[in-house]
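S.K.: Just passing along the structure, written as structure tokens.
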Amino acid sequence: MAKFLKYIKYASAIFFLIYLGFARDYLFVNLNYQLSKTHYHSFEYHLPPVLSFLEGLDEWTLYYLKYVFTALAIFLFFLATFWAVHVFFGEKKYRRWVLYSYVIIILASGFIFLALYWFFGFDPTYLIVRKLLDFAESPIMAMVLIPLIVVHKKMNENK
């Protein structure tokens, strides 16, 4: 029975990461459509009822909401990845790996933005930083860290 519960925890962690990825994508796709609708004054697209709170917002509010939602997504994926690593491995050392990975990506993104902004301006710099932050606001971080931890544990067992 204990083994069955362990597998339920594993499945729950994986399912939650996947669900969070789809929910994040759903929000941002609809937010981008609403932003486009507001910018081009198009009425071809209608928001789903669950996101109707975006309907009356002006273009700049929607634009800045993307930054808020990005920060929220990074935080939620950090928590989900942290929890998944805890469920799979339970060791404090590996939870620290999650924390360090997120801190490194966020600091690297900030540093790259500041360094490249002066040379290339906002648009190309934003695209580079955006791609880097995609790792932090998706299940990709967990998909990299969990196998990495498994390999690390296997290598340490063989010593």
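S.K.: What angle, in degrees between 0 and 90 and rounded to the nearest 10, separates the Cα long axis of helix 122-136 from the longest principal axis of the Cα atoms of the chain?
M.R.: Relative to the chain, helix 122-136 is tipped by roughly 30 degrees.
S.K.: While we're on this one: Springs between alpha-carbon pairs under 10 angstrom, Gaussian network model over the chain: which of Phe88, Phe53, Phe28 fluctuates most?
M.R.: In the Gaussian network model the winner is Phe53.
S.K.: How do Val68, Val144 line up, fewest other C-beta atoms within 10 Å first? List each step's numbers first, then the result.
M.R.: Details: Val68 9, Val144 13.
Ranking Val68, Val144 by Cβ neighbours within 10 Å, fewest first, gives Val68, Val144.
S.K.: Follow-up. Quick one: order Glu137, Glu44 by neighbouring beta-carbon count within 10 Å, fewest to most.
M.R.: Numbers: Glu137 24, Glu44 8.
By the 10 Å Cβ count, ascending, the order reads Glu44, Glu137.
S.K.: Put a dot 7 Å past each Cα toward the Cβ at Glu157 and His46; how far apart are the dots in nm?
M.R.: 5.6 nm
S.K.: Here's a follow-up. Calculate the FRET efficiency for Leu127 and Phe4 from the Cβ-Cβ distance with a Förster distance of 35 Å, rounded to the nearest 0.05. Can you show the working numbers first?
M.R.: On the way: r = 46 Å, r/R0 = 1.32.
The pair Leu127/Phe4 has a calculated efficiency of 0.15.
S.K.: In addition: Tilt of helix 59-89 relative to the longest C-alpha principal axis of the chain, in degrees (0 to 90, nearest 10)?
M.R.: Between helix and principal axis, roughly 10 degrees.
S.K.: Taking a cut-off of 19 Å between Cα atoms, list the aspartates and glutamates near Lys6, but don't count ones fewer than 8 places away on the same chain.
M.R.: Glu91
S.K.: Using only the alpha-carbon atoms of segment 21-157 as identical scatterers, what base-10 log of I(q)/I(0) does the Debye formula give at q = 0.10, 0.13 Å⁻¹?
M.R.: Debye intensities relative to I(0), on a log10 scale: -0.45, -0.70.
S.K.: Another question about this same structure. Order of Leu107, Leu62 from fewest to most other C-beta atoms within 10 Å? Walk me through the intermediate numbers first.
M.R.: Details: Leu107 10, Leu62 18.
By the 10 Å Cβ count, ascending: Leu107, Leu62.
S.K.: Can you give me the Rg/Rh ratio for segment 46-118, using Cα atoms for both radii and the Kirkwood formula for Rh?
M.R.: Details: Rg = 17.1 Å, Rh = 15.0 Å.
Checking Rg against Rh, the ratio lands at 1.14.
S.K.: Another question, if that's okay. In degrees from 0 to 90, rounded to the nearest 10, what is the angle of the helix 140-157 Cα long axis to the longest principal axis of the chain?
M.R.: 10 degrees
S.K.: Based solely on its DSSP helices, what 222 nm [θ] is calculated for the chain when runs of n ≥ 4 H residues each add -39,500 (n - 2.57) and the sum is averaged over all residues, nearest 500 deg cm²/dmol?
M.R.: On the way: 5 runs with 132 residues, N = 159.
Theoretical 222 nm ellipticity from helices: -29500 deg cm²/dmol.
S.K.: Under a cut-off of 16 Å between alpha-carbon atoms, report the lysines in cross-link reach of Lys153, not counting same-chain residues fewer than 8 places apart.
M.R.: Hits, sequence-local ones excluded: Lys92, Lys93.
Coordinate-derived values only; no laboratory data. Please read these numbers as outputs of a predicted model, since none were measured by experiment. No Cβ is skipped: glycine too gets one built from the backbone with ideal geometry, and neighbour counts run over all protein chains shown.
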